[in-house]
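Each remark here refers to the structure printed beneath this line.
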Amino acid sequence: MKFTTGSFSDVADTKLGKELWEFLNSHDAVLIMKTATYLSKPALEPLQPSLLEQFGEEVKSDRIKQMLGKMVRQIMEAQGYALDQVGVRLKQHPLFLSAARYKKWS
């Protein structure tokens, strides 16, 4: 699957952007996002430590975080999920204060 960059082409076409897309599409990351969704948690919440560990300070930029949200939405929708709620406050927030929650498309 290819990321539809929209207004994020400036950052999505960089080395970091391509690496983030690959990371989020990995089997493990998709499984983690699906499990978080099953538990009614935002998909990005449990990926925060891995994102920080693997990509460091670069992912703390607001523009990158916004792009991550768009990437996750495209991945989740391709997996048969729909947006449930945006701006859900996270209990743990080393990277994000809030994120989108998804639900299985019925």
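Computed from the coordinates by the stated procedures, all read-outs in this text should not be read as laboratory data. The model shown is predicted, which means the values in this text are computed figures rather than measured ones. Cβ atoms come from the backbone with ideal geometry, glycine included; neighbour counts cover every protein chain shown.
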message: With the requirement that a residue be touching a strand residue (DSSP E or B) at 6+ places or on another chain (Cβ under 7 Å) and surrounded by fewer than 16 Cβ atoms within 10 Å (Cβ to Cβ), what does region 64-83 give you?
response: 80, 82, 83
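Here's the yes/no breakdown for (1) over 18 Å from residue 13 (Cα atoms); (2) of a type in the set (A, V, I, L, M, F, W, C); (3) in contact with a Pro (Cβ under 6 Å, 6 or more places away or on another chain):
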residue: 65; (1), (2), (3): no, no, no
residue: 78; (1), (2), (3): yes, yes, no
residue: 82; (1), (2), (3): yes, yes, no
residue: 85; (1), (2), (3): yes, no, no
residue: 88; (1), (2), (3): yes, yes, yes
residue: 93; (1), (2), (3): yes, no, no
residue: 97; (1), (2), (3): yes, yes, no
residue: 104; (1), (2), (3): yes, no, no
task: Return yes or no: is residue 32 more than 19 Å from residue 104 (Cβ to Cβ), among the β-branched types (Val, Ile, Thr) and without any contact (Cβ under 8 Å) to a residue 60 or more places away in the chain?
output: no
- prompt: Is it true that residue 80 is touching a residue at least 40 places away in the same chain (Cβ under 8 Å) and either touching a Gly at 6+ places or on another chain (Cβ under 6 Å) or within 17 Å of residue 1 (Cβ to Cβ) (or both)?
  reply: no
